[in-house]
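Student: Would you mind keeping the following structure in view while I ask a few things?
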Amino acid sequence: MAETRESGLPKGFRSAEQGWPELHRIPHPPHRVPLLGDVLGADRRRPVQDSMRYARELGPIFRRRAFGKEFVFVWGARLAADIADEARFAKHVGLGIANLRPIAGDGLFTAYNHEPNWQLAHDVLAPGFSREAMETYHGMMLAVTGRLTDHWDRETAAGRTVDAPGDMTKLTLETIARTGFGHDFGSFERDRPHPFVSAMVGTLTYAQRLNSVPGPLAPLLLRTAARRNAADMAYLDRTVDGLVADRSRSGGGSGDLLDRMLETAHPATGERLSAENVRKQVITFLVAGHETTSGALSFALYYLARHPEIAARARAEVDRVWGGTAQPGYEQVAKLRYVRRVLDETLRLWPTAPAFAREARQDTVLAGEHPMRRGAWALVLTPMLHREPAVWGEDAERFDPDRFDAKAVRARPPHTFKPFGTGARACIGRQFALHEATLVLGLLLRRYDLGIDPGYRLAVTERLTLMPDGLRLRLDRRPTPASTPAVPVTVPDGADGPTGCPVHRTDD
Ligand code: HEM
């Protein structure tokens, strides 16, 4: 196995036998098939939900094997808290994420920890997610939501139901494209998804499929899919190159992410991102910046439609805090405390990026029980961590936003809610996603009553991220609120967490 010169760690897939000396103590599914592994009864299209099923049977740490690749999952609260220790563990780029390297390279999401472009891009781009930057995105977020509600008004007037996940994907793609790159994909003017979305879904699905076929046979079994994937990747590259060329021609935007990528030098070293790296970052942000938020909004709309009493409480808050203000201001979004709890509770049950991988920086013992060699890794299965009965109670499957009121949050142990990952490689777009999703939910709740077919049963599709399948909503326009000013609300410091910040907590 090759060694990377920079880190000294083995490169490529590291099967668990290499890193876990006492692997035999970790349970695996019964009926293991020689050579093939734990394939009997496995659902290749829903690997996360499959792992959730195994987690319930096998307990807080377990392993799965497929085609010679063995990997360890953890979801028990004690194990997850220990593996969050940044001094002993770091992000592991493996499996699904490594499969995205051909398209996203050493972009922020897929970069190996030792790659110099990670720190460079992180330092250059982080100010693009500061409070000041977020304030400049707010108006654009409002404008894009206006395009969604125009579309939904027309559908509602025509007596049609709406495709919630499809339209949330249009909304979040337009939002990141507009705020980050000054670009308009025209998604709401199209009947079918923009080809960028189809190509992106194609590459994500392909990356997931690569994990479910035996490595040496992949070129044969996935020949047609690989050809399609190459075409999808070429399309993504072309789109991004066009976007960068437009910006270079027009000579600068409004200080958005693309301007930062193209023009900002590192504050300490003066270094800049290379043209090739900019391409990888643009793809990274266009993909990471919309797919997960779209899923979060779609699941939230599902729960709101399913629980009219929760929707009524959230709507009452919007009416109270925003009054009849047509365009709520930036500050007024964070004041929607209950709407934000609805989102948190949604991300608890369906964290739309459902797992993240951690590797040992040195030989260590996980939670005092499981020895790991340097470089050994495990996947944290967040939907199960977020259902751990010892933390969330025996009714953990129940949707209850009050689990996120300030007192309940303070009473919980740290590292038990991780929809945005953990540590230095946690989500850079967390504030962005939460601001966007809270704003959009507030605007939609105020404008519509949400109805759902009583026969609809939540089904979840997987393409590395999670999304409700076939979710259609029936909307009723509510009367437009009289144009009254928003009620000023005083929010006590620290109401949302020990840091006093509505987004960041000290346990990250
Ligand atoms: C609800 C929405 C979102 C969820 C659930 C989510 C979740 C995550 C998670 C779990 C990670 C860590 C992955 C790992 O450890 O391997 C991550 C990283 C990342 N996310 Fe998000 N994300 C969301 C929205 C966004 C948005 C809106 C953006 C950009 C505007 C974004 C950009 C990124 C990037 C660039 C990284 C890599 C950060 C690094 O390694 O330095 N995400 N996200």
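Student: Only residues that are among the aliphatic types (A, V, I, L, M) and at positive phi: list them for the stretch 69-122, please.
Tutor: Passing the criteria: only L95.
Student: Okay, next question. Scan the stretch 395-422 residue by residue and report those that are among the basic types (K, R) and within 16 Å of the ligand (Cβ to nearest atom).
Tutor: Keep residues of the stretch 395-422 that are among the basic types (K, R), which gives 398, 403, 407, 410, 412, 418.
Matches in the stretch 395-422: K418 only.
Student: Further question: Test of understanding: among G255, G251, G242, which residue is loosely packed, with under 14 Cβ neighbours inside 10 Å and on the phi > 0 side of the Ramachandran plot?
Tutor: The conditions single out G251.
Student: Output the number of residues of the stretch 404-428 satisfying the condition of being basic (K, R), under 21 Å from V342 (Cβ atoms) and surrounded by 19 or more Cβ atoms within 10 Å (Cβ to Cβ).
Tutor: So the answer is 1.
Student: Scan (1) crowded, with 23+ Cβ neighbours inside 10 Å; (2) in contact with a Phe, Trp or Tyr (Cβ under 7 Å, 6 or more places away or on another chain) for the single condition G107 breaks and write down its number.
Tutor: (2)
Student: What pairs come up if the first residue lies in the stretch 283-306 and is over 16 Å from H183 (Cβ atoms) and at pLDDT 95 or above, the second is part of a loop (DSSP other than H, G, I, E, B) and away from the ligand (no atom under 11 Å from the Cβ), and their beta carbons are under 8 Å apart, counting only those six or more places apart or on different chains?
Tutor: Final answer for the pair search is S298/L471; L301/L471; Y302/L458; Y302/L471; Y303/F399; R306/F399.
Student: Mind counting the residues in the stretch 451-474 that are surrounded by 21 or more Cβ atoms within 10 Å (Cβ to Cβ) and among the hydrophobic types (A, V, I, L, M, F, W, C)?
Tutor: Residues that pass the stated criteria total 5.
Student: Could we say that L173 is in contact with a His (Cβ under 7 Å, 6 or more places away or on another chain), surrounded by 18 or more Cβ atoms within 10 Å (Cβ to Cβ), touching a residue at least 12 places away in the same chain (Cβ under 8 Å) and assigned to a helix (DSSP H, G or I) here?
Tutor: Numbers: in contact with a His (Cβ under 7 Å, 6 or more places away or on another chain): yes; surrounded by 18 or more Cβ atoms within 10 Å (Cβ to Cβ): yes; touching a residue at least 12 places away in the same chain (Cβ under 8 Å): yes; assigned to a helix (DSSP H, G or I): yes.
For L173, the condition - in contact with a His (Cβ under 7 Å, 6 or more places away or on another chain), surrounded by 18 or more Cβ atoms within 10 Å (Cβ to Cβ), touching a residue at least 12 places away in the same chain (Cβ under 8 Å) and assigned to a helix (DSSP H, G or I) - is met.
Student: May I ask you to verify whether Y54 is of a type in the set (F, W, Y) and in a loop (DSSP other than H, G, I, E, B)? Break it down into steps so the answer makes sense when it comes.
Tutor: Numbers: of a type in the set (F, W, Y): yes; in a loop (DSSP other than H, G, I, E, B): no.
No; evaluated as a whole, the condition is false for this residue.
Student: To continue, here is another question. Across the stretch 329-344, which residue is farthest from the ligand (Cβ to nearest atom) among those that are among the basic types (K, R) and crowded, with 22+ Cβ neighbours inside 10 Å? Give the derivation first.
Tutor: In the first step, residues of the stretch 329-344 are kept if they are among the basic types (K, R); the result is 335, 337, 340-341.
From what is left, the residues that are crowded, with 22+ Cβ neighbours inside 10 Å are 335, 340-341.
Details: K335: 20, R340: 12, R341: 15 Å.
Taking the candidates together, the pick is K335.
Student: Looking at A326, A316, A305, A312 in this structure, which one is over 26 Å from A459 (Cα atoms) and part of a helix (DSSP H, G or I)?
Tutor: Numbers: A326 fails: part of a helix (DSSP H, G or I); A305 fails: over 26 Å from A459 (Cα atoms); A312 fails: over 26 Å from A459 (Cα atoms).
The unique qualifying residue is A316.
Student: I want to confirm something. Restricting to the stretch 57-87 and keeping residues that are at pLDDT below 95 and in a loop (DSSP other than H, G, I, E, B), which single residue is surrounded by the fewest Cβ atoms within 10 Å (Cβ to Cβ)?
Tutor: Here the residue is G68.
Student: Let me ask another. For the stretch 240-296, what are the residues that are among the β-branched types (V, I, T) and under 26 Å from V440 (Cα atoms)?
Tutor: V282, I283, T284, V287, T292, T293
Student: Okay, next question. Return a yes/no flag: does the stretch 204-214 have any residue that is away from the ligand (no atom under 16 Å from the Cβ) and of a type in the set (V, I, T).
Tutor: We begin by selecting, within the stretch 204-214, every residue away from the ligand (no atom under 16 Å from the Cβ); these are 205-206, 209-210, 212-214.
If we keep only those that are of a type in the set (V, I, T) as well, we get 205, 213.
For the stretch 204-214, residues away from the ligand (no atom under 16 Å from the Cβ) and of a type in the set (V, I, T): present.
Student: H114 passes all but one of (1) over 28 Å from V282 (Cα atoms); (2) over 18 Å from the mean Cα position of the chain (by Cα); which number fails?
Tutor: It fails just one condition, (1).
Student: OK, next. Being more than 30 Å from R463 (Cα to Cα) and either modelled with pLDDT of 90 or more or part of a helix (DSSP H, G or I) (or both) is the filter; apply it to the stretch 239-259 and report the residue that is farthest from the ligand (Cβ to nearest atom). Steps first, answer last, please.
Tutor: Keep residues of the stretch 239-259 that are more than 30 Å from R463 (Cα to Cα), which gives 245-255, 259.
Cutting the leftovers down to either modelled with pLDDT of 90 or more or part of a helix (DSSP H, G or I) (or both) gives us 245-250, 259.
On the way: A245: 22, D246: 20, R247: 18, S248: 22, R249: 25, S250: 22, D259: 15 Å.
Checked the stretch 239-259; the qualifying residue farthest from the ligand (Cβ to nearest atom) is R249.
Student: Of everything in the stretch 351-377 that's aliphatic (A, V, I, L, M) and either in contact (Cβ under 8 Å) with a residue 60 or more places away in the chain or closer than 28 Å to Q208 by Cβ (or both), which residue is surrounded by the fewest Cβ atoms within 10 Å (Cβ to Cβ)?
Tutor: Ranking the qualifying residues of the stretch 351-377, first place goes to A367.
Student: Also: Residue by residue through the stretch 364-404, note down the ones that are more than 19 Å from Y303 (Cβ to Cβ) and among the hydroxyl-bearing types (S, T, Y).
Tutor: Within the stretch 364-404, T364 is the sole residue that qualifies.
Student: Could you check the stretch 180-200 and list, in sequence order, the residues that are more than 16 Å from the ligand (Cβ to nearest atom) and buried (at least 22 other Cβ atoms within 10 Å of the Cβ)?
Tutor: Residues satisfying the conditions are S187, A199.
Student: Considering the stretch 318-332 alone, what residues qualify as being free of Cβ contacts under 8 Å to residues at least 60 places away in the same chain and either among the hydroxyl-bearing types (S, T, Y) or closer than 16 Å to T346 by Cβ (or both)?
Tutor: None - no residue of the stretch 318-332 is free of Cβ contacts under 8 Å to residues at least 60 places away in the same chain and either among the hydroxyl-bearing types (S, T, Y) or closer than 16 Å to T346 by Cβ (or both), so the list stays empty.
Student: Scan the stretch 434-460 residue by residue and report those that are within 16 Å of the ligand (Cβ to nearest atom) and of a type in the set (S, T, Y).
Tutor: T438
Student: On to the next question. Whether any residue in the stretch 456-465 is at pLDDT below 95, under 22 Å from N99 (Cβ atoms) and among the aliphatic types (A, V, I, L, M) is what I want to check.
Tutor: Yes; the residues of the stretch 456-465 include at least one that is at pLDDT below 95, under 22 Å from N99 (Cβ atoms) and among the aliphatic types (A, V, I, L, M).
Per-residue answers, yes or no, for (1) small (G, A, S); (2) in contact (Cβ under 8 Å) with a residue 24 or more places away in the chain; (3) closer than 19 Å to L349 by Cα; (4) buried (at least 17 other Cβ atoms within 10 Å of the Cβ):
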{"site": "L36", "(1), (2), (3), (4)": "no, yes, no, no"}
{"site": "R44", "(1), (2), (3), (4)": "no, yes, no, no"}
{"site": "D50", "(1), (2), (3), (4)": "no, no, yes, yes"}
{"site": "H92", "(1), (2), (3), (4)": "no, yes, no, yes"}
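Condition check ((1) more than 16 Å from the ligand (Cβ to nearest atom); (2) more than 30 Å from F185 (Cβ to Cβ)) across all residues:
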| position | (1), (2) |
| --- | --- |
| I283 | no, no |
| V287 | no, no |
| H290 | no, no |
| A305 | yes, no |
| P308 | yes, yes |
| R313 | yes, yes |
| D319 | yes, yes |
| Q327 | yes, no |
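Student: Of the conditions (1) surrounded by 24 or more Cβ atoms within 10 Å (Cβ to Cβ); (2) under 24 Å from A326 (Cβ atoms); (3) not basic (K, R), E135 satisfies every one except a single condition; which number is it?
Tutor: (1)
The values are calculated or read from the model by the stated rules, or taken from the named source; none is laboratory data. Computed from a predicted model, the values in this text were never measured in an experiment. Cβ sites come from the backbone with ideal geometry, for glycine too, and all protein chains shown count toward neighbours.
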